Amino acid sequence: MVAVASPVKHAVRAEDVNLYYGTKHALKGVNFAAPSRQVTAMIGPSGCGKSSFLRCLNRMNDRIPGAKVTGKFEVAGMDPYAKNADLMRLRRAVGMLFQKPNPFPSSVFENIALAPSLHYGIKGSTLEGMVEETLKRAALWDEVKDHLRRSALELSGGQQQRLCLARMLAVEPEILLMDEPCSALDPISTGKIEDLISELSKDYTVLIVTHNLQQAHRVSSQLAFFMLGELVEMGDTEAVFESAQSEVTRDYLSGRFG
Amino acid sequence: MRSGPTNFMKKGRVIDWIMERLVAFCGVAIGLMVVGMFAYLALESRYAFDRKFPYGFRIAAQPVSAPRSEAVEMDPNASILTSHMDGMDGLDDKESIPMPTLAELQGVATLATGSLVEGDLKNIDPLMLARDNWQSWHDAGGQRKFLLFAFATPEHQDKSFVLRWEPDAAFDADLSVHNLRLKLIKAPVGIDAPAVDIDLRARPRGEIELPVFIARSDDERTQGYVFELESTPTGISAIGATLRGFFKTEWAPTTQYPRYGLMPLLLSTVIITILAILFAIGPALLTALYLSEFAPHRLREWLKPIIELLASIPTVVLGYFGLMIVAPGLMATVGKAFGMESGRSLLTAAVVMAVLIIPTIASIAEDGLRNIPRSLRDGAEALGLTSTESIRRVILPAARPALYAALLLGFARAIGETMIVWILSGGTPAMPTGVDALVASTRGIADTVGIEMANVEFEQPHYGHLFLIGLVLFAITIVCNLLGQRLARRAAWRS
């Protein structure tokens, strides 16, 4: 990617974030910034807080009893935790892809069309065109164009995940949050998703949590390493892989623990 | 030697082995119990088909000069029928009396008929006329012949008399397996009588005039007219006729000609159940939705068991609750508008039945809603759907099989319910036709079995029919339960 000579714009910015689950201190003073239209990978051992952090950004932690978040946030130009925050607007601007594909138990078409028709009142042929375009962007159109009315649950795991990705794109978000999107997929499906991520980073800011260091290396340009609820290190992916500042990061990247 | 762990393993294996067998045994035992119960019901139902079919016609002789209003009692099952002859009726069961002598008839009657269902003409001596219990009429298809004698005493003035026949009011020839013919098999000597051969199915009522035969002595009493009610099979088997009767619309098992029509009972039961489901569906689903989607965790922990506890209220308690509160309440409100005669009606039973099944439906529906995986809710939430949108467009559709299962299991619970219907429906086995039937007294299948089984004569058609309707009910509940369980299992989410 050619470096553009303009000041780095951050789509996600978080300062001094603390997250408590009841008495458990899950995130400790995290300072994080993800540049616009780049892929930021978040790595770290299990339970390090990377997924929790991701879920803070679109307030998916709200439902968990006893969860409490402090700190300053700016996500897609909004403060998710402001008193007058519009949660629905935030979530339209911030899409999320989950570990396991979670298509709705309805048709392929319905899966994509549901949110746009509810949010923007799109109907009829406009809606059909939108569904087609979205499926094409998720590289799924050729596989499902002949059975849009079939149940989404009949698709393979990889297809389901791409469907969920298309469903997320259909809401026209700015930021895509991905929580280990390939952990339930086979290598070929994983490859397709990774290709998509690179493709999508031209238009979207992507934050991806992954356990797979190679994947982080392949898809991301920024890397954040979490450990025990702290953001240990953050920087250009290449730079961190080559010469991490912190010894813990080096140990983790070299596979000494994990 | 590391015998310790090995022994432990062995012991564990033995327990496993026992547990496996025990579980398998219990499963098989329960399955066998259901099959066995079904088989038992089916077996006892055979008495429903073990039936006799009555003559059902009344035949009598009547003087032409006597007023019609003094027409004789016409009953082929009563063994003696004489015109203007008092004191001959009212015999006890199985009591036999001799045919009245001319001397006995003097001053009492001038024309006599006597029927005899036993023996044949040749060995009638002395002429004993038997009268059976009115409830157990003679089998028209049996070995015994139904013979009818007609003679007049010397005091009789008319030249001819009338032979009349008509079916009993409650007799339905359609439900019989016999075709009956009324035949003159022996005309008195020296009297020019026309041939009499009448198909009673084609001509169920009518009369003919015949010349009078005067018996000059007691011996001549049997020398007069002798008619026979001849029965020939219609081709319908007893099973066919019973089934035909079973699908009729009248349940009157203790009348002279019993009717075992299932339809009024089945229809009442189904209508009560469907109404109960309709009443219950709103409150139950709202409760389930509230518990699974909106109630704070703590509150749910309390409410769920309480609601499930409601499902275990003894139904007799609910019945009396209905009798004390719902019945007067309905009388005061709906009753006035629709002309309810009593607080005990189909509607009352349906309302209380709804109270019974709300907890069942709510609890199963709530399980179904909570089984919708977290990931699906997350997916809907992450797309920016409001909670109403997410419930309406994602969660409810996903839970649909579970909700159907809840309704079906509620249906199965209600349709077999005995006590509530027994106490609250009023107990009249009437066909529920029209809107009026909703506020009228009715009776369902289960409560009918409950009410009548206590007084039924063992191993008789009535007894058999109670088992037969029980079998129908059992079959319905089994089908509903199996379907419901299957739906519930399919609803248990796999993702």
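The values are calculated or read from the model by the stated rules, or taken from the named source; none is laboratory data. Since the structure is predicted, the reported quantities are computational estimates derived from the model, not experimental observations. Counting neighbours? That spans all protein chains shown, and the Cβs are built from the backbone with ideal geometry, glycine included. Please note that ligands, DNA and RNA were not included when accessible areas were found on the heavy atoms of the full protein model with its side chains. Shrake-Rupley method; radii C 1.70, N 1.55, O 1.52, S 1.80 Å.
Output the 0 to 90 degree angle, nearest 10, between the alpha-carbon long axis of helix A:187-200 and the longest principal axis computed from the alpha carbons of chain A.
Approximately 90 degrees, to the nearest ten.
Quick one: which bits of the range B:356-388 get at least 20 Å² less accessible when the partner protein chains are in, versus the chain alone, with a 1.4 Å probe?
Residues meeting the cut-off: B:374, B:375, B:376, B:378, B:379, B:381, B:382, B:383, B:384, B:385, B:386.
Based on the Cα coordinates of chain A, what is the per residue volume of their convex hull in Å³? Can you show the working numbers first?
Values: hull volume 35.9 nm³, N = 258.
In chain A, the Cα hull volume divided by residue count equals 139 Å³.
Want the number for residue A:81 to residue A:142: 0.36 nm per residue separation, take away the alpha-carbon distance, what's left?
So the extension gain works out to 17.9 nm.
Separation of the range A:54-122 and the range B:273-346 by C-alpha centroid, Å?
Their Cα centres are 39 Å away from one another.
I'd like the trypsin sites (Lys or Arg not before Pro) in the range A:30-113 restricted to DSSP loop residues with at most 14 other Cβ atoms within 10 Å, sorted by number.
On the way: sites: A:37, A:50, A:55, A:59, A:63, A:68, A:72, A:83, A:89, A:91, A:92; in loops: A:37, A:59, A:63, A:83.
Taking the range A:30-113 and a limit of 14 other Cβ atoms within 10 Å, the loop trypsin sites (Lys or Arg not before Pro) found are A:63, A:83.
When you have a sec, figure out the Kirkwood radius of the range A:184-229 from all distinct Cα pair distances and drop it here in Å to one decimal?
Radius from the Kirkwood sum: 11.6 Å.
In nanometres, what is the gap between the two model label sites at residue A:198 and residue A:251, each 7 Å from Cα along Cα-to-Cβ?
3.4 nm
Calculate what fraction, in whole %, of the accessible area of the protein assembly as shown sits on carbon and sulfur atoms when a 1.4 Å probe is rolled over the protein chains. Can you show the working numbers first?
Details: 20550 of 36430 Å².
Its accessible area is 56 percent carbon and sulfur atoms.
Given that compact globular proteins tend to follow 2.2 N^0.38 Å, what is the ratio of the alpha-carbon Rg of the range B:259-491 to that value? Write down the numbers at each step before the final one.
Numbers: Rg = 20.0 Å, N = 233, 2.2 N^0.38 = 17.5 Å.
In units of the globular-protein estimate, the range B:259-491 measures up at 1.14.
Kindly provide log₁₀ I(q)/I(0) values, in the same order as q = 0.12 Å⁻¹, from the Debye equation applied to equal alpha-carbon scatterers of the range B:336-445.
Each listed q maps to, in turn, -0.58.
Which of the trypsin sites (Lys or Arg not before Pro) across the range B:249-332 are loop residues per DSSP, with 12 or fewer other Cβ within 10 Å?
Working: sites: B:259, B:298, B:300; in loops: none.
Loop-located and lightly packed - none at all.
So, for the range B:160-316, what is the accessible surface per residue at a probe of 1.4 Å, expressed in square angstrom? Mind dumping the intermediate values first?
Numbers: 7660 Å² over 157 residues.
Here the per-residue accessible area is 49 Å².
Say each of residue B:199 and residue B:23 gets a label point 7 Å from the Cα, pointing the same way as Cα to Cβ; how far apart are those two points in nm?
That separation, rounded to one decimal, is 6.9 nm.
Based on Cα coordinates alone, diagonalise the gyration tensor for the protein assembly as shown, multiply each eigenvalue by 5, take square roots, and list the semi-axes in whole Å, largest first. Don't skip to the answer; put the middle values down first.
Working: eigenvalues 1609, 135, 111 Å².
Over the Cα atoms of the protein assembly as shown, the ellipsoid semi-axes are 90, 26, 24 Å.
So how strong a dipole does the range A:42-95 carry about its Cα centre when Lys and Arg Cβ are +1 and Asp and Glu Cβ are -1, to the nearest 20 debye?
Values: 10 positive and 4 negative charges, 23 e Å.
So the dipole magnitude of the range A:42-95 works out to roughly 120 debye.
Evaluate E = 1/(1 + (r/R0)^6) for residue B:64 and residue B:239, where r is the Cβ-Cβ distance and R0 equals 51 Å; express this FRET efficiency to the nearest 0.05.
Values: r = 45 Å, r/R0 = 0.88.
With a Förster radius of 51 Å, E is 0.70.
What's the magnitude of the charge dipole for the protein assembly as shown around its Cα centre, counting Lys and Arg as +1 and Asp and Glu as -1 at the beta-carbon? Answer in Debye, nearest 20. Spell out each step's value before the answer.
Working: 74 positive and 80 negative charges, 732 e Å.
With only Lys, Arg, Asp and Glu charged at Cβ, the dipole is about 3520 debye.
Report the calculated FRET efficiency for residue B:139 and residue B:33 (r = Cβ-Cβ distance, R0 = 30 Å), to the nearest 0.05.
Details: r = 38 Å, r/R0 = 1.27.
So the FRET efficiency works out to roughly 0.20.
Count the net charge of all other residues whose Cβ sits under 9 Å from the Cβ of residue A:157, scoring Lys and Arg as +1 and Asp and Glu as -1.
On the way: positive: A:100; negative: A:186.
The answer is 0.
Using only protein heavy atoms and a 1.4 angstrom probe, determine the accessible area buried between B and A, summed over both sides, in Å² to the nearest 100. Write out the running numbers ahead of the final one.
Values: alone 25550 and 12760 Å², together 36430 Å².
By this definition, chains B and A bury close to 1900 Å².
Points 7 angstrom from Cα along the Cβ direction at residue B:478 and residue B:191: gap in nanometres?
Taking the simple label geometry, residue B:478 and residue B:191 are separated by 6.1 nm.
Along the Cα-to-Cβ line of residue A:153, 7 Å from the Cα, sits a label point; which residues in the range B:332-372 have backbone N less than 16 Å from it?
The answer is B:368-372, whose backbone nitrogens lie closer than 16 Å to the label point.
From the cross-link list A:136/A:192; A:28/A:50; A:145/A:192; A:136/A:202; A:9/A:136, which pairs have alpha carbons spaced over 21 Å apart?
Check vs 21 Å cut-off fails for A:9/A:136.
Nearest 10 degrees is fine. How inclined is helix A:157-169 to the longest principal axis of chain A, computing both from alpha carbons?
Tilt of helix A:157-169: around 90 degrees.
Take the alpha carbon atoms of the range B:390-444, find their center, do the same for the range B:168-243, and report the distance between the two centers in whole angstrom.
Their Cα centres are 51 Å away from one another.
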